[in-house]
């Protein structure tokens with residue numbers, strides 16, 4: 001996965017998080033992003049913004065897949 005810089009929207013969201021909320025995001029960081037942050041290659045605000053953005057993108061993908069499965073299930077149920 002290639003890390004892309006966070007958008008201004010996510011930087012603003014990250015700046016508005018409480019310390020506890022930011023720590024929860026840090027705890028969910030994995031892989032390349034976590035390593036870059038640990039090696040101080042990216043600032044903490046940017047790392048939190050990137051994590052927020054990745055989680056939102058993942059959630060959107062999950063919702064799209066769930067919608068597809070629900071539609072398939074509905075079509076399958078009508079056929080019975």
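Every number in this text was worked out from the coordinates using simple rules, so none of it is lab data. Bear in mind the structure is a predicted one, so any value in this text is a computation, not a measurement. All Cβ positions, even for glycine, are placed from backbone atoms using ideal geometry, and neighbour counts span all protein chains on display.
Among the residues of segment 1-34, write down those that are part of a helix (DSSP H, G or I) and more than 20 Å from residue 58 (Cα to Cα).
Passing the criteria: 15, 19, 20.
Kindly evaluate residue 52 against the criterion of being assigned to a helix (DSSP H, G or I) and under 18 Å from residue 2 (Cα atoms).
When the stated conditions are applied, residue 52 passes them.
Read through the list (1) out of contact with any helix residue (DSSP H, G or I) (no Cβ under 6 Å at 6 or more places or on another chain); (2) within 12 Å of residue 3 (Cα to Cα); (3) touching a residue at least 12 places away in the same chain (Cβ under 8 Å), then give the number of the only condition that residue 34 fails.
(3)
Give the residue, chosen from 2, 36, that is over 12 Å from the mean Cα position of the chain (by Cα) and surrounded by 10 or more Cβ atoms within 10 Å (Cβ to Cβ).
36 is the lone residue from the list that is over 12 Å from the mean Cα position of the chain (by Cα) and surrounded by 10 or more Cβ atoms within 10 Å (Cβ to Cβ).
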